Amino acid sequence: MTVSLRHITRRFGAATVLDDISLDIGDRELFFLLGPSGCGKTTLLRLLAGFYEPDAGELWFGDRRMDGVPPHQRNTGMVFQNYALWPHLTVAGNVAYGLEVRGVGSAEKEARVREALELVQMAAHAGRSPNQLSGGQQQRVALARALVVRPDVLLLDEPLSNLDARLRLELREEIRRIHDRARITTVYVTHDQKEALSMADRIAVLHAGRIEQVGEPRSVYRAPANRFVADFMGETNWLAATLERCAEGLLEARTEFGMFRAAAGAGLKAGQPVWLGFRPEAVRIGESPVNGLAGTVDHVTYLGETEEYILRLGPSVTVKALEQNPAEVRCPGAALKVHIPAGDLFVLPRDEA
C-alpha cells in the first residue's frame, strides 16, 4: 500500500505543528519519521492513523483518499510507545481483540492469532498475562496485535524507547525481520538516529513541522541537505571556507588552515562562502598533501575499540577525530597531523547554517 501526503498542514490553536508536508511512501516500505522532540513526527503518525485530521491538504492510501475517514475504517495497525496491553486478558486475548471487534469467526481467529504470535516468537507465551512478561516481550505482543488484523499500513510510535539498550538492539533486528516477512507498508517514528540508520529503507528528517530531507540512510548521513540534518544525524566538524574553484566535478575551498578539495555540489559557485563538514570517523591520522590539518591534541578519551581526540587547530577552533583500534598512546599537548578524504567532505552554503 502506498501512502501519499499532499501539502498537509495541521495546527493546534495558533501553533502550526505540520507545515505544508508532502511525502510519498512506497508500497511495503519501512519508512522512518526522524527528528527531535516537538518536530511534528508523532502528530504526522497520528494523522495517518486518523486520530487527527489535517487543516489543509490531502492524505491518500493507494488510490483512496483518507482524510475525513475515521480510524476504524482505515485498516491501520498501531503500536504505541507504552504497549497499551489489556492487563485482564492473556497474551492470546490481547492479540485476538482486534479480530473480535471485526467479527472474525473463532476458527479463523485462532489460526490468525497463532500465526501472529509465531511471527513475533511469542507463541509459547499465549496463555500468560501481560504482567508476567518482560518489556521486550510485551512489545512483541503489541506488535502481534497490530499485525493480526492484516493492516494495509503499520504505524509504530517510538516502540523501543521504554526498553534498555540491549533489548533495543535485539528488537531492532526483530522488527526488521518481521517487516521483511510480513511486507506491510510501515511508518516508524523515532528520535533515535541509530534506529533509523540501521533499520530504515528510507528516512524523512523533520524539523519544526517541515521535512528537511528524505532519502536512504546512507545518503542522508553522508550527504546531508543542510547543517540541521548533518548535526542531527551525527557529530560533525565544521570549517568556514570560501570556494576558490568549482569545475569538472571538483571544488577547491580556502580555509584559514589551508586549501581543501571535495566533490562539487549542485548550485555552488566560485567566491561563495561555504561550510566544509566532516564526521569524526572520517578523519585519518597522518600527513597528506591534500586536505591536511595540523594541530595539537587538546583532549583524549579512550573508548576501547576507538580513541577520541579533540584536536585544537587555533585559539577558538577544534575538531573531533576518531582512531579505530589505536596502537599508539597520544597525550594532550602532542602535535598531530590528520587529513580528510575528499569523498568524506560535504560542502554547504554558509547562509543555510
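The values are calculated or read from the model by the stated rules, or taken from the named source; none is laboratory data. Just so you know, these numbers come straight off a predicted model, no measurement behind them. For neighbour counting, all protein chains shown are included, and Cβ atoms are generated from backbone atoms with ideal geometry for every residue, glycine included.
Listed by position, the strands (runs of 3 or more DSSP E) enclosed by the stretch 211-278 include none that has at least 3 residues that are polar (S, T, N, Q), under 30 Å from the mean Cα position of the chain (by Cα) and modelled with pLDDT of 95 or more.
Per the listing ALA142, ALA196, the residue uniquely part of a helix (DSSP H, G or I), modelled with pLDDT of 95 or more, among the small types (Gly, Ala, Ser) and buried (at least 18 other Cβ atoms within 10 Å of the Cβ) is ALA196.
Look at (1) part of a loop (DSSP other than H, G, I, E, B); (2) more than 29 Å from PHE232 (Cα to Cα) and you find that GLU110 fails only one, number (1). Taken over the stretch 145-170, the residue count meeting the criterion of being among the β-branched types (Val, Ile, Thr) and part of a strand (DSSP E or B) is 1. Determine if the stretch 80-91 includes at least one residue that is touching a helix residue (DSSP H, G or I) at 6+ places or on another chain (Cβ under 8 Å) and assigned to a helix (DSSP H, G or I). Looking through the stretch 80-91, at least one residue is touching a helix residue (DSSP H, G or I) at 6+ places or on another chain (Cβ under 8 Å) and assigned to a helix (DSSP H, G or I).
Pairs please, first residue from the stretch 84-113 and exposed (fewer than 14 other Cβ atoms within 10 Å of the Cβ), second anywhere and among the polar types (S, T, N, Q), Cβ atoms under 6 Å, 6+ apart in sequence or on different chains. As it stands, the answer is TRP86/ASN94, since those pairs meet every condition given.
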